[in-house]
Amino acid sequence: MAISRRQFGKLCLASAALAPAARVRAWGGGGGGGGGTTVQPFQVPLPLAPVLAPVSSNSTEDYYEITARTAQQQILPGAATTIWGYNGMYPGPTLKARVGRSVRVRHINQLAVNTTVHLHGGHVPPSSDGRPTDIILPGSYKEYVYPNNQLGSTLWYHDHTMDVTGRNVYMGLAAFYILQDDFELGLNLPSGDYDIPIVIQDRSFNTDNSLYYPTVDGSVLRNGFQGDIILVNGAVQPYFQVENRKYRFRILNGSQASGYQLSLQSSTGSNPSFVQIGLEGGLIPAPLTRSSITLYGAERADVVIDFSKFPLGTQITMLNGGGYGSTGSVMRFDVVKQTGGDGSVVPATLRPLATLPSAVVTRNITLDFDRSLNRWVLNGKPFDPSRIDANVKLGTTEQWTFNNHSGEVHPMHIHDIMFQVTSRNGSSPYAWDKGWKDTVAVDGWGSATVKMQFPNANAADAQCVGPYVFHCHKLEHEDYAMMGQFNVS
Ligand code: C2O
Ligand code: CU
Ligand code: CU
């Protein structure tokens, strides 16, 4: 039955018009295995991953232990699904950190496969970056040290193992890492129970409710895997019961290859907007009201949604304009509780954006598919962990232009630093580019230019020397070698 599943996957990629009736149908019907599970949206509450408590703390550091292992998790009605999870959870436990206070994590690998753990968006030394070849063998462990010498931001940690990152993340190895700083905490944004991280991921399931992922070298993998069921925090299109007040949602596209075009549709009155307050690198200079937000793999949007104007009983659905049928909606907010008061605010100015010096080095990187190699390539070359593609100097400002020589979007991610987008397709950046980013979605046949300074302000920065990777964050593209390497010295 795998063949019909793959065919279905191709249809998805080709954006075939699925009748809405096909919605919420797990693999198994439609000429496939027959008798598959049928799931309906908005049946389960939004799960919130627990915030992990440190094993120990001292005056400068919190120490954690996390074990990657298999577990059974109830995702669909009926049989539980085997996942690979940090501490046996999918998504894994959230780590909360403070700027200026370091975090040390012992990652124990109790899976039967190699792992590495990357703190996505982290400014950390290469030895703690979870390089694709810096693996943790089954039964072994590795300690990662995160200095948290950067701005408050919504980061995440996930597997990054050479050639199998896609599979490992798909099985569940991803979680939030929320880094806070005094400035942000002083703004009185919605916090505590009103500050909710949500990760959107698409998956497909076999008829026995096991996760379906293609294992053979084929077009579905090479193109980037897209599932037919949307999970938010590991639950199928959940609902979230809210008070009629403001909430902050830290939205992460943690999917393999899908992009989402998110909007809100209310069952009563006019539709609310997102008030965007941040992106990958934390707060933007000023809030931005948006009716629709597009996120590609690894991109984050930090938004406030104000439910105060809606009568109790209102249902607000987060739609995905990039989807159809079962992937056309993401989750639903149910306004059910009278607030006891909302003291939070969205200030008119958030964090001022530092101006970078002019770039002293410019680089051009082409994004391409090499048919003879059957690999995605950067500047014509597939990833080689022993090759350095760019030598950069601490403290210098560089400008990189990604030129997309293919027809599909590639969300390009650079390790170690946050950048600013300075140009899109040869024109000005978008209004919503203003801020610090670590991933930029490069349009099909288009281009994007980013500018970054390799920080050299303090002793922690001086440790961030050595090799780092940059790559497409469509995870299957990454596994198909769409990755390069720079060395900081
Ligand atoms: Cu989120 Cu190198 O990856
Ligand atoms: Cu990263
Ligand atoms: Cu790509």
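I need the shape label for the chain. Rule: rounded when a/c is under 1.5, else prolate if a/b > b/c, else oblate, with a, b, c from the alpha carbon gyration tensor. Rounded. Placing dummy labels 7 Å off each Cα toward the beta-carbon, the span from residue 82 to residue 366 is 4.4 nm. First check a/c for the range 88-219, with a ≥ b ≥ c the square roots of the eigenvalues of its C-alpha gyration tensor; if it is under 1.5, answer rounded, and if not, answer prolate when a/b is larger than b/c or oblate otherwise. Oblate, since a/c reaches 1.5 and b/c is not below a/b. Of the chymotrypsin sites (Phe, Trp or Tyr not before Pro) found in the range 404-489, the ones in coil according to DSSP and having at most 13 other Cβ atoms within 10 Å of their Cβ are 430, 445. The residue 145 and residue 309 beta-carbon pair, evaluated with R₀ = 35 Å, returns a calculated FRET efficiency of approximately 0.15. Take every DSSP beta bridge whose two residues both sit in the chain; close to 75 percent of them are antiparallel. Sorting 258, 210 from the fewest to the most surrounding beta carbons within 10 angstrom yields 210, 258. Using C-alpha pairs under 8 Å with a sequence gap of at least 6, the mean separation divided by the residue count of the chain gives a relative contact order of 15 percent. Computed over the range 30-128, the Cα gyration tensor eigenvalues convert (square root of 5λ each) into semi-axes of 34, 16, 13 Å, ordered from largest to smallest. Label separation (residue 459 vs residue 67): 3.5 nm, computed from points 7 Å beyond Cα along the C-beta direction. Diagonalising the gyration tensor over the Cα atoms of the range 374-489 and scaling each eigenvalue by 5 before taking the square root yields semi-axes of 23, 19, 10 Å, largest first. Here the 3J(HN,Hα) profile of the range 180-192, calculated from phi with Karplus coefficients 6.51, -1.76 and 1.60 at θ = phi - 60°, is 10, 10, 4, 4, 5, 5, x, 7, 6, 6, x, 9, x Hz, Gly and Pro shown as x. Its Cα gyration tensor gives the range 216-360 an equivalent ellipsoid, and the semi-axes of that ellipsoid, as √(5λ) in whole Å with the largest first, are 28, 25, 11. Among the lysines of the chain, pairs that are 8 or more positions apart or on different chains and have alpha carbons within less than 15 Å of each other number 6. Placing R0 at 30 angstrom, the Cβ-Cβ distance between residue 216 and residue 110 gives a FRET efficiency of 0.65 after rounding to 0.05. When each of the peptides 345-351, 113-119, 471-477, 323-329 is scored by how many other beta carbons lie within 10 Å of its residues on average, the order from highest to lowest is 471-477, 113-119, 323-329, 345-351. Rounded to the nearest Hz, the phi-derived 3J(HN,Hα) couplings of the range 338-345 under the Karplus curve 6.51 cos²θ - 1.76 cosθ + 1.60 (θ = phi - 60°) are 5, 6, x, x, 10, x, 7, 9, where x marks glycine and proline. Amide H to amide H, with H built 1.01 Å from N, residue 485 comes under 5 Å of 389, 390, 470, counting only residues 5 or more places away or on other chains. Footprinting exposure proxy ranking of 280, 243, 143, fewest other C-beta atoms within 10 angstrom first, gives 143, 243, 280. Cβ crowding within 10 Å, taken as a proxy for footprinting-reagent exposure, orders 418, 331 from fewest neighbours to most as 418, 331.
None of the figures in this text is laboratory data; all of them are computed from the coordinates on show. As the structure is a prediction and not an experimental result, all values here were calculated from the model. With ideal geometry, Cβ positions are generated from the backbone for all residues, glycine too; neighbour counts draw on all protein chains shown.
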